[in-house]
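> The structure is given below, and queries will be raised subsequently.
The values are calculated or read from the model by the stated rules, or taken from the named source; none is laboratory data. Keep in mind the model is a prediction, meaning the values are calculated, not measured. For neighbour counting, all protein chains shown are included, and Cβ atoms are generated from backbone atoms with ideal geometry for every residue, glycine included. Heavy atoms of the whole protein, side chains included, go into the accessibility calculation; ligands, DNA and RNA do not. Shrake-Rupley method; radii C 1.70, N 1.55, O 1.52, S 1.80 Å.
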Amino acid sequence: MVTTVEQDLPGLSSGIGRLATFFENRATRPGLIARRALGRLTNSDLGLHDRLIREMRGETRLDGSVGGATVPTIWRAIELMELGHKNDQAGVIRVLGWILNLQERPGAFGEDCADQRHANKVCQHFIGGFFSAAPPNERLSPVSLPSGKVFRSEGAARFAISCLALRAALMAGNERRAGIQRHLESLVVLRETWTSWDGYFAPDAIVSALSALAVAPPPFRDILPDLTGFIAEHQSADGTWPHADLFHVLEALLLAGTLKAKLAVCQAVPALLAIQHPEGGFGNTAMEERALIGLRALLWARTRG
């Protein structure tokens, strides 16, 4: 049974309405996905869908990358799959080939060992299968993810990018690859060390792990209730998370889809509405992506199963 929660979350319908206006005429992937979610597709959106795919494919090199850059290439794979382009040989598979080639290369998270790293199981004695976004001697951070979250710590940046790559690989059906299995097993091992919100791992790094595990198959997916519960436990009374990016957290919770994730998203709605601009968006940082995350969160909170 589904019931409205507008009486519990004042302003929810108005917030959705502002976002509907925000996305009404945007000829972009977020605009198309937003109108689809709102049930407001137009006659021109079918043509827009095909044009977006052609343009995205045209921006990739013959090697499958987007300008040789790791995060844009990973995101390109996810964008194409969100548009329903998963099985195209010249599109997603070519991009995924470039991404998969980064796995377990020099510079991957977890290489080498030191006392503190070993104590936190963040070395090759415990984990493996991570993707390398850059050689070990090349500084990678600060790195901005599509959600707008910026990772300034080198280790956290490499971990987050690897989790984003894992998410793309899993979405594309590569869960049986040995390296992918090692990466997933490593996240399960690391979860055992995440006992504090202010511990060795930054909260946003833990959230990045959730985004990958959210699209994992069983038995790895079985960890979701526990991990979303851990994140929900550290939500502040105002609906935000201390030392964590609101949109980064909401994106992961939306992917996870557990009951605890939904309750946390509902509790975050007042905070989300409080920072919404009159035109519907949430500022200039990752403007359309954050607006899409916000829309998905508000739509999810509008009904309670």
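> Based on the Cβ-Cβ distance from Ile93 to Asn284, what FRET efficiency comes out when R0 is 51 Å, to the nearest 0.05?
Efficiency computed from Cβ-Cβ geometry: 0.90.
> If you don't mind, there's one more thing I want to ask. Take Val150 and Asp198, extend 7 Å from each Cα along the Cα→Cβ direction, and tell me the distance between the two endpoints in nm.
Label at Val150, label at Asp198, 2.3 nm between them.
> For q values of 0.24 Å⁻¹, compute log₁₀ I(q)/I(0) with the Debye formula on a Cα-only model of the range 194-256, without solvent.
Debye curve over Cα of the range 194-256, log10 I(q)/I(0) at q = 0.24 Å⁻¹: -1.02.
> Efficiency by 1/(1 + (r/R0)^6): what FRET value for Asp226 and Ala119, r their Cβ-Cβ distance, R0 = 22 Å, to the nearest 0.05?
E(calc), rounded to 0.05, equals 0.50.
> Percent of accessible area on the range 196-305 owned by carbon and sulfur, 1.4 Å probe?
Answer for the range 196-305 is 57 percent, counting heavy atoms of protein chains only.
> Provide the gained length on full extension for the span Asp112 to Glu175, in nm with one decimal, where the gain is 0.36 nm per separating residue minus the Cα-Cα distance.
Full extension from Asp112 to Glu175 adds 20.1 nm.
> Could you check which residue among Asn101, Asn43, Asn120 shows the biggest mean-square fluctuation in a GNM of the chain with a 10 Å Cα cutoff?
Of Asn101, Asn43, Asn120, the most mobile in the Gaussian network model is Asn43.
> Another question, then. Using only the Cα atoms of the range 103-204, each taken as one equal point scatterer with no solvent, compute I(q) by the Debye sum, divide by I(0), and report log10 of the ratio at q = 0.14, 0.23 Å⁻¹.
Result of the Debye calculation: -0.52, -1.43.
> Can you run phi through the Karplus equation (6.51, -1.76, 1.60; θ = phi - 60°) for the range 199-207 and list ³J(HN,Hα) in whole Hz, with x for Gly and Pro?
x, 4, 8, 5, x, 5, 5, 4, 5
> Go through the chain and flag any cysteine with no other cysteine's C-beta closer than 4.7 Å, please.
Unpaired cysteines in the chain: Cys163, Cys266.
> In the calculated pair distance distribution of the range 162-267, what percentage of Cα-Cα distances lie above 25 Å?
Roughly 14 percent, once rounded to a whole number.
> OK, next. Please compute the per residue accessible area over the chain with all protein chains in place, 1.4 Å probe, rounded to a whole number of Å².
Each residue of the chain exposes 44 Å² on average to a 1.4 Å probe.
> In the range 52-128, carbon and sulfur make up what percent of the accessible area (probe 1.4 Å)?
Exposed carbon and sulfur together represent 48 percent of the surface.
> Can you pull the three principal axis extents for the Cα set of the chain, in Å, largest first?
Cα extents, longest axis first: 52, 46, 35 Å.
> Still on this structure, I have one more. Relative contact order, percent, of the chain when contacts are C-alpha pairs under 8 Å separated by at least 6 residues?
Computed value for the chain: 21 percent relative contact order.
> Taking H as built 1.01 Å from N, whose amide H comes closer than 5 Å to the amide H of Gln124, not counting residues under 5 places away?
It is Asp112, by chain and number.
> Suppose the chain between Glu233 and Asp63 were pulled fully straight at 0.36 nm per residue; how much longer would it get relative to their current alpha carbon spacing?
56.9 nm
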